[in-house]
Amino acid sequence: MSSITKKAKNFKKSKSGLYLSMGTTAFGALSVAKQAKLARQENDTLRLIDAAVSAAAIVTGLAILYRELKHLGDDDVLLG
C-alpha cells in the first residue's frame, strides 16, 4: 500500500475528512432537490420516488457520518 493511499484512508477517518464527506453528501441534496422539483412539475411519479429514495440515502449517510464524527470526538483524549 502506498503512502498516498494510507494518507487518504487516514484522512477519511479524521475530523476534517468526515466534515468534507458530510459537506459533499449534503451538496448532493441540491441535485436531489432539483430532481424532485422537476419530477413534481412533470408529474413523473417514478422520478419522484427515485428522488425520495435518494433523499433517504443522503439523510442516512449524513447520520452515519455524524455518528462517526461523534465517536471520533469520544476517542479524543483532550475532549475528555
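The values are calculated or read from the model by the stated rules, or taken from the named source; none is laboratory data. Note that the structure is a prediction, hence the values are computed from the model and not measured. Note that we place each Cβ from the backbone using ideal geometry, even for glycine, and neighbour counts take in every protein chain shown. Note: areas computed on protein heavy atoms with side chains; ligands, DNA, RNA excluded. Shrake-Rupley method; radii C 1.70, N 1.55, O 1.52, S 1.80 Å.
Going through the stretch 46-66 one residue at a time, which ones are loosely packed, with under 11 Cβ neighbours inside 10 Å and either at pLDDT below 90 or more than 15 Å from residue 28 (Cα to Cα) (or both)?
Listed by number, the list holds a single entry, 46.
Hey, can you tell me all the residues within the stretch 31-45 that are assigned to a loop (DSSP other than H, G, I, E, B) and open to solvent by less than 60 Å² (accessible area, probe 1.4 Å)? Outline the logic, then answer.
At the first step, the residues of the stretch 31-45 found to be assigned to a loop (DSSP other than H, G, I, E, B) are 42-44.
Passing the criteria: only 44.
Under 8 Å between Cβ atoms, at least 6 apart or on separate chains: pull out the pairs that start in the stretch 35-57 with a residue that is on the phi > 0 side of the Ramachandran plot and end on any residue that is of a type in the set (A, V, I, L, M) and not in a helix (DSSP H, G or I).
Here the result reads none, with nothing in the stretch 35-57 linked to a residue that is of a type in the set (A, V, I, L, M) and not in a helix (DSSP H, G or I).
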